[in-house]
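Written below as structure tokens is the structure these notes are about.
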Amino acid sequence: MDKLLTSDQPVRLAVVVGSTRPGRRGPQVAEWLREAATTHLGERATLEVVDLARFGLPLLDEPMPAAIGDYRNSHTKTWAATIDKFDGFIFVAPEYNHSMPAALKNAIDFLFAEWNNKAAGFVSYGLNGGTRAVEHLRLSLAEVQVATVRSQVALGLFTDFDIPDMTQPGTFAPADHHHEVMRRMLDELADWALALRLLRQRAGR
């Protein structure tokens, strides 16, 4: 349940690291994004990195559908409390086989009300910029009532990373043109997250 917040209080944004694979590149991207967003949005928002790997969610094991909200397991309750406190999300997601990582889809499916009437933006990466992962993400998030902004940062695996060894994460080195798109995405997200927070409050959430 949200506390009463006024429009001049910062929106609370989570940078969600959407891969749990060993050697993943997501944490580098998430930290770059967190620093850039903190600078660009200033007092408009607070930023926190939420790394799926730290939660250790199993394959969905709740006996009741998430929409009912009767969570039985402690890991689900911890995940729900984490997501509930945010107004919006920036998903950092690689593309696996033309879609999002299974761990990210699983994390979305664990919850329902905690996602409702919030906003999301995307920073994706892969051979084709991770764009197909985001297309699938948009569909899944729409079903849990998350509004997604249009602007998306799409990072190329071989143009925005220095990867001498594919078994290692390499070094993240984004091209300059991504910064303008990122700032546009952040502005859209902050505006939508604020509008939807006020909507939730009017509805008693």
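The values are calculated or read from the model by the stated rules, or taken from the named source; none is laboratory data. Nothing here was measured: the structure is a model prediction, and the numbers come from that model. Here the Cβ positions follow ideal geometry from the backbone for every residue, glycine too, while neighbour counts run over all protein chains shown. With ligands, DNA and RNA removed, areas are computed over all heavy atoms of the protein, side chains included. Shrake-Rupley method; radii C 1.70, N 1.55, O 1.52, S 1.80 Å.
For segment 11-98, the dipole from Cβ point charges (+1 on Lys and Arg, -1 on Asp and Glu) about the Cα centre works out to 160 debye, to the nearest 20.
Nearest 500 deg cm²/dmol is fine: what mean residue ellipticity at 222 nm does the chain get from its DSSP H runs of n ≥ 4 alone, each adding -39,500 (n - 2.57), divided by its residue count? Each step should come with its number before you reach the end.
Values: 5 runs with 74 residues, N = 205.
Taking each H run of at least 4 residues, the total per residue is -12000 deg cm²/dmol.
Using Cα-only point scatterers and the Debye equation, what is log10 of I(q)/I(0) for segment 150-205 at each q in 0.22, 0.25, 0.28 Å⁻¹, rounded to two decimals? At q = 0.22, 0.25, 0.28 Å⁻¹ the computed log10 ratios are -0.83, -0.93, -1.02. Solvent exposure of segment 147-186, expressed per residue, is 55 Å² of accessible area, with all protein chains present and a 1.4 angstrom probe. Rounded to the nearest whole Hz, the Karplus-based 3J(HN,Hα) values (6.51 cos²θ - 1.76 cosθ + 1.60, θ = phi - 60°) of segment 112-126 follow the sequence 9, 4, 5, 8, 4, 6, 10, 10, 9, x, 9, 10, 10, 8, x, with x at glycine and proline.
What shape does the chain take by its C-alpha gyration tensor, where a ≥ b ≥ c are the square roots of the eigenvalues and a/c under 1.5 counts as rounded, a/b above b/c as prolate, and the rest as oblate? Mind showing how you got there, number by number?
Numbers: a/c = 1.94, a/b = 1.24, b/c = 1.57.
Cα axes put the chain in the oblate bin.
For segment 66-163, trypsin sites (Lys or Arg not before Pro) meeting the loop criterion (DSSP other than H, G, I, E, B) and having at most 14 other Cβ atoms within 10 Å: R72, K85.
Here's the list of aspartates and glutamates a cross-link from K118 could span, going by alpha-carbon distance under 13 Å and ignoring same-chain residues fewer than 8 apart: D2, D84, D87, E143, E188, D191.
Surface listing: R12, R197 arranged by accessible area from highest to lowest gives R12, R197, probe 1.4 Å. Label sites at N128 and R72, each approximated as a point 7 angstrom past Cα along Cα to Cβ, lie 4.0 nm apart.
Tell me the per residue accessible area of segment 16-92 using a 1.4 Å probe; a whole number in Å² is fine.
On the way: 3650 Å² over 77 residues.
Heavy-atom SASA per residue in segment 16-92 reads 47 Å².
Determine the dipole magnitude for the chain: charges of +1 sit on the beta-carbon of Lys and Arg, -1 on that of Asp and Glu, nothing else is charged, the reference point is the Cα centre, and the result goes in debye to the nearest 20.
Magnitude of the dipole: close to 440 debye.
When each of the peptides 180-193, 56-69 is scored by the mean number of other C-beta atoms lying within 10 Å of its residues, the order from highest to lowest reads 180-193, 56-69.
Of the chymotrypsin sites (Phe, Trp or Tyr not before Pro) in segment 40-80, which ones lie in a loop per DSSP and count no more than 10 other C-beta atoms within 10 Å? Display every interim value, and only then the final one.
On the way: sites: F55, Y71, W79; in loops: F55, Y71.
Hits after loop and neighbour filter: nothing returned.
Database remark: amide H of D51 closer than 5 angstrom to the amide H of V17 (H placed geometrically; neighbours at sequence offset of 5 or more, or on other chains; Pro and chain starts carry no H).
Taking all protein chains as present, what is the carbon and sulfur share of the accessible area of segment 5-154, in % to the nearest whole number, probe 1.4 Å?
Values: 3380 of 6480 Å².
Carbon with sulfur: 52 percent of the solvent-accessible area.
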